[in-house]
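Have a look at the structure below, then the notes.
The values are calculated or read from the model by the stated rules, or taken from the named source; none is laboratory data. None of the values given here were measured: they were computed from a predicted structure. We place every Cβ from the backbone using ideal geometry, glycine too, and count neighbours over all the protein chains shown. Protein only, heavy atoms only, side chains kept; ligands, DNA and RNA dropped before computing areas. Shrake-Rupley method; radii C 1.70, N 1.55, O 1.52, S 1.80 Å.
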Amino acid sequence: MTLKELSEILLPNVEHDRKYYEELYPERNLPEGAIVTRYAPSPTGFVHMGALYQSYISSKMAHQTGGIFFLRIEDTDQKREVENSVEMILKDLKDFGFNPDEGVTLDGEKGNYGPYTQSKRKDIYQAFARDLIEKGLAYPCFLSEDDEKEIRDQQARVKARIGIYGDWARSRFLTTEQVLEKINNGEEYVIRLKSDGNFNNKITVKDCIKGNIEMPENDIDVVIIKSDGLPTYHFAHAVDDHLMHTTHVIRGDEWVSSLPTHIALFKAIGVKPPKYAHIAPISKIENGNHRKLSKRKDPEAAVSYYSKLGIPKEAVKIYLATVANSNFERWFDANPNADINDFKMEFSKMSRSDSLFDQEKLYNISRNYISKLPATVVYDSALEYAKEYDHELEELLVKYKDYSIAIYNIERERKKPRKDYIMYSDIKNQTWYMYDELFNPEELEYEFANINDSEEIKKILKLYLEKYYNEEDDESTWFNRMKELSDELGYASDMKAYRENPDAYKGNVADVSIVLRVALTSKAQTPNLYNLMSLLGKDRIAKRYNYFIQK
Ligand code: GLU
């Protein structure tokens, strides 16, 4: 029996051969220097910062060269699959603008190198596995779990390296007759690579980020097709990235240790491996040790966590860019109004070791980012946020559009704008008192300060309304009137005079203005009081002050 015939018995029902697939997926026709990258997640749940970071780098590196970024779903481990993961991945990629040019999309697949979901590529992997069997580079292995355990125990006893290699790979030595007999007996089998590597040889892989990595050559007969007929990650990676003509495999550095396996698989298949760029993870400190952000343990690392808070996607992107390239921050400081897509990302500027996830930094970036937006954009974004997460806010924003924009415009669009909002969920917390619907004096705690005697407060508010408040005043007149009010009631209108002789006064104009501010908003800290008063208008000011006067 020829090996070809054997391969057909081992992997029956394979529709096409390797040659067919090689022809189906020809070289890509791309401009000089264009690179092809992919994001290849397993559908195991929500997208977290680390995954978003990888997809950002992959899409950016491809797009800045005029290349292709595609999305491949790696679902050959069906036990680990979580429902709706693919939809979540697609939504996040879309929201952040890391749009794949090819691959799985919400309405099917796009591109000429598909299918892009591994479970739909069984025939392809089996065609390649048959080819390897035919060439004597792969073989069926009948070791049961118990056999493997026994081998491991024996290896531990004689202090040998653990694994199925060399003489330990017992099924390697079966004759064709023995193989056929086992198949006839219904014994389960996997297909393994017949490694010709030597563990004492060194291989060197030039990683785009980590530089030269020297490792022992692979001599393990790794499984390429599992007993369910699906490929292992390793084999699928080699076959897919070969057929999809990936030029750069950008992935997490937990895969570095698999490089010898992957290099061996590409060698067996007989094609040049792609370039590798292993990204150091985003991690956190736990019990004094660094560990990679984890889907399971760190819900605060989920991308959706930040969407719910209303952190703008752009801010997350800026944060990820600062993590990705050491020179990004300098570039961004020098070009504060540039589109960050214009930044040229480089592998050589990526960190070789992990970066700690810095939530404070993300928040700071976000605060600065929002502070620089025009008020109309803040409004649109807040509304978009509110539609999904806060219907009360949504109603107010719809009802009072121009008014809300005017609130956001206070002390904005200037060299040093106010920085009240870190995230869109802050907006309600910072502006609620501007809406009567949310302003109920009975339920409020007023933050009065130096002046907190209710009679004195009444007196100030009454006199202000009767004599000094005039809706038409410009800001400096308005302020002068507050000084006059202070003088009349025995508070110093001149701070210098007050500091020189504090005992001569009941207090000063700042104390008076706090009363006016707190009685109006309940808060001691607000944006410019003159602007707030102009927006709230005469009737509302009178109503809010009368609440105290009549009490
Ligand atoms: N499916 C693998 C993962 O989830 C992909 C690794 C790769 O990019 O090659 O990590």
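Before moving on, here are some points about what is shown:
- Near Pro43, once Lys and Arg are set to +1 and Asp and Glu to -1 for all other residues with Cβ below 9 Å from its Cβ, the sum equals -3.
- Debye log10 I(q)/I(0) at q = 0.11, 0.19, 0.24 Å⁻¹ for the stretch 442-504, Cα point scatterers: -0.32, -0.88, -1.13
- In Å, descending, principal axis extents of the Cα set of the stretch 215-371: 57, 35, 28
- Highest average packing first - 191-200, 411-420, 242-251, 528-537, Cβ atoms within 10 Å: 242-251, 191-200, 528-537, 411-420
- Measuring only protein heavy atoms, the 1.4 Å probe finds Arg161 accessible over about 80 Å².
- Relative packing of peptides 53-60, 14-21 - highest average C-beta neighbours within 10 Å first: 53-60, 14-21
- Dipole in debye (nearest 20) - the stretch 176-300, about Cα centre, beta carbon charges: Lys, Arg +1; Asp, Glu -1: 580 debye
- Taking 19 Å as the cut-off, the amide N atoms of the stretch 25-68 that come nearer than this to a point 7 Å along the Cα-to-beta-carbon line of Ile340 belong to 47-65.
- Cα centroid separation - the stretch 77-106 against the stretch 493-509, whole Å: 65 Å
- Rolling a 1.4 angstrom probe over the protein heavy atoms with all chains in place gives the stretch 199-255 an accessible area of 36 Å² per residue.
- Probe 1.4 Å, accessible area per residue of the stretch 441-524, Å²: 56 Å²
- Based on Cα contacts under 8 Å between residues 6+ apart, the stretch 378-530 shows a relative contact order of 21 percent.
- Pairs spanning more than 22 Å between alpha-carbon atoms, out of Lys401/Lys538; Lys122/Lys226; Lys4/Lys120; Lys194/Lys226: Lys4/Lys120.
- Overall size of the stretch 409-469 from C-alpha positions, given as principal axis extents largest first: 39, 30, 23 Å.
- Computed from backbone phi, the HN-Hα couplings of the stretch 500-508 come to 5, 8, x, 5, 7, 10, 6, x, 9 Hz, rounded to whole numbers (Karplus: 6.51 cos²θ - 1.76 cosθ + 1.60, θ = phi - 60°; Gly and Pro given as x).
- Extended-chain gain in nm, criterion 0.36 nm per residue less alpha-carbon gap, Asn480 and Glu15: 158.5 nm
- Asp207 long-range amide H proximity, modeled H, under 5 Å: Asn212, Ile213
- Magnitude of the charge dipole, the chain, Cβ model with Lys/Arg +1 and Asp/Glu -1, debye to 20: 1240 debye
- With contacts taken as Cα pairs under 8 Å at a separation of at least 6 residues, the chain carries a relative contact order of 11 percent.
- Here the 3J(HN,Hα) profile of the stretch 439-449, calculated from phi with Karplus coefficients 6.51, -1.76 and 1.60 at θ = phi - 60°, is 10, 10, x, 4, 9, 9, 9, 8, 8, 5, 10 Hz, Gly and Pro shown as x.
- Protein accessible area in the stretch 44-149, 1.4 Å probe - carbon and sulfur %: 46 percent
- Top positive-direction residue, dipole computed over the chain with Cβ charges, set Phe332, Leu293, Tyr363: Phe332
- Lysine pair count for the stretch 424-528 [Cα-Cα under 26 Å; pairs on different chains or 8 or more apart]: 22
- For the stretch 300-359: rounded, prolate or oblate by the Cα gyration tensor [a/c cutoff 1.5]: oblate
- Rounded to whole numbers, the Karplus 3J(HN,Hα) couplings from phi for the stretch 268-278 are 4, 5, x, 10, 6, x, x, 7, 10, 9, 9 Hz, using 6.51 cos²θ - 1.76 cosθ + 1.60 with θ = phi - 60°, and x at Gly and Pro.
- Relative to its residue count, the stretch 50-169 spans a Cα convex hull of 192 Å³ per residue.
- Fraction of accessible area attributable to carbon and sulfur, the stretch 192-344 (%, probe 1.4 Å): 49 percent
- Summary of packing: across the peptides 149-155, 425-431, the per-residue average of other C-beta atoms within 10 Å ranks them, highest first, as 425-431, 149-155.
- Relative contact order, percent, the stretch 39-162 [alpha-carbon distance under 8 Å, six or more residues apart]: 23 percent
- Principal axis dimensions, largest first and in whole angstrom, of the stretch 373-511 by Cα: 56, 39, 28
- The stretch 200-278 versus the stretch 440-464: alpha-carbon centroid distance in Å: 72 Å
- Our helix-only sum for the chain, with -39,500 (n - 2.57) per DSSP H run of n ≥ 4 divided by its residues, gives a mean residue ellipticity at 222 nm of -13000 deg cm²/dmol.
- Accessible carbon and sulfur surface of the stretch 423-551 relative to its total accessible area, %, 1.4 Å: 43 percent
- A convex hull fitted to the Cα coordinates of the chain yields 213 cubic angstrom per residue.
- Distant-in-sequence amide H partners of Gly252 (H built 1.01 Å from N, under 5 Å): Ile279
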